[in-house]
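The values are calculated or read from the model by the stated rules, or taken from the named source; none is laboratory data. In this text, all values refer to a predicted model and were calculated from it rather than measured experimentally. All Cβ positions, glycine included, derive from the backbone under ideal geometry; neighbour counts span all protein chains shown. Protein only, heavy atoms only, side chains kept; ligands, DNA and RNA dropped before computing areas. Shrake-Rupley method; radii C 1.70, N 1.55, O 1.52, S 1.80 Å.
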Amino acid sequence: MAAAVAGSVLRGLLRRQLSAQIQPLLSFRAMSSAPEQPHASHSYETLKVSQAREKVLHVELNRPDKRNAMNAVFWREMVQCFNKITQDSECRAVVVSGAGKLFTAGIDLMEMSSVFVMVEGDDMARKAWNLRKKIREYQESFTVLQRCPKPVIAAIHGGCIGGGVDLISACDIRYCTQDAWFQVKEVDVGLAADVGTLQRLPRIIGNQSLVNELAFTARKMMAPEAESSGLVSRVFQDKQAMLEGAFELAADIAGKSPVAVQGTKINLMYSRDHSVSEGLRYMATWNMSMLQSEDLMKSAQAALEKKSTKDIVFSKL
């Protein structure tokens with residue numbers, strides 16, 4: 001379809017409309033060596049948000065002294081952070097990483113155990129009702145990553161345990177280091193994983209036998225197996241190289257049309273959970289308006305002139 005759009009019809013339109021519609025072309029990509037700057041509108045106890053590249057935010061799990069264990073504040077702040085990112089027209093891609101020696105040790109058992117043991121309610125039914133409400137709130141902490149229209153890239157080093165697997169399963173792209181390992185740890189603490197791993201991991205890996213093995217045994221999956229199974233798409237020598245790779249990927253994505261990128265994510269998510277025919281119907285309805293974006297005209301002109309999309313200035317979305 002893209003080839004047809006960029007063909008004879010657009011050539012004629014471009015000659016008549018480009019002078020009025022195309023803004024001056026500017027270089028998009030920031031210098032890769034520029035230091036990250038703290039983001040003024042984001043202030044959290046458990047997360048550190050900074051500007052990694054132009055239009056790219058870096059969200060860092062920031063409890064390194066606790067191995068980035070997920071306490072009650074973390075679950076609340078993840079929702080606040082990504083709801084704000086969703087509404088941020090300056091941001092077009094996000095990288096999520098962990099501070100310190102590992103990505104995350106998962107749920108903070110020392111703090112969170114009382115949340116599930118001391119459930120309010122006058123009887124069993126009311127306690128169960130309130131417990132279900134809490135679980136749904138914690139599920140939202142990672143569903144918000146999936147619902148965010150901006151692509152989210154997970155950059156994992158060291159251990160990614162329990163809730164960490166839930167988190168990265170909700171991300172769009174996953175990179176890791178050679179020393180990374182993954183563990184669906186919940187059965188070892190007496191529960192079934194309940195905030196996304198069991199629902200998302202089978203769709204990511206596509207091997208139900210392997211997913212069952214990981215979930216039933218809580219064994220570690222090392223980086224080479226994670227790559228060969230499709231959990232991660234690239235493995236890097238160390239954390240710095242991985243972050244540079246993730247930031248470069250995010251900058252590349254951020255340099256493309258936000259209408260195209262965010263529409264692609266939304267339709268990928270829809271198609272994952274619906275039939276092919278339903279996905280095609282939704283796509284047709286989506287693009288009947290989105291194909292009228294100026295981004296299409298700008299991208300077609302860049303292609304005709306053999307220019308990169310990084311040289312195009314796209315309007316905010």
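A few comments on the model shown:
- Accessible surface computed residue by residue for the stretch 63-163, with neighbouring protein chains in place and a 1.4 Å probe, gives 47 Å² per residue.
- Heavy-atom accessible area order for ILE107, ILE85, largest first, 1.4 Å probe: ILE107, ILE85
- Based on C-alpha pairs under 8 angstrom that are at least 6 apart in sequence, the chain has a relative contact order of 19 percent.
- Zone of LYS133's modelled label, taken as backbone nitrogen in the stretch 187-226 under 18 Å from a point 7 Å along Cα→Cβ: none
- Per-pair calculated FRET efficiency, R0 = 41 Å: TYR282 and GLU305 via Cβ, rounded to 0.05: 0.80
- Among the protein heavy atoms, those of HIS39 account for about 40 Å² of accessible surface (1.4 Å probe, every chain in place).
- The portion of the accessible surface of the stretch 94-247 made up by carbon and sulfur, rounded to a whole percent, is 54 (1.4 Å probe; DNA, RNA and ligands excluded).
- Working note: Cα gyration tensor of the stretch 84-209, eigenvalues times five, square-rooted, sorted largest first, giving semi-axes of 27, 19, 14 Å.
- The label-point distance for LEU191 and THR86, in a model that sets each label 7 Å from Cα toward Cβ, rounds to 2.4 nm.
- The residues of the stretch 188-304 expose on average 51 square angstrom of accessible surface per residue, using a 1.4 Å probe on protein heavy atoms.
- Estimated FRET transfer efficiency (VAL119, ALA72; beta-carbon r; R0 22 Å; 0.05): 0.95
- Computed over Cα pairs, the Kirkwood radius of the stretch 37-125 leads via Stokes-Einstein (0.692 mPa s, 37 °C) to a diffusion coefficient of 228 µm² per second.
- Across the chain, counting alpha-carbon atoms alone, Rg and Dmax equal 21.5, 73 Å.
- Pairs of Lys in the stretch 78-215 closer than 25 Å at Cα, counting only those 8 or more apart or on different chains: 6
- In angstrom, the C-alpha Rg and Dmax of the stretch 125-277 are 16.4, 52.
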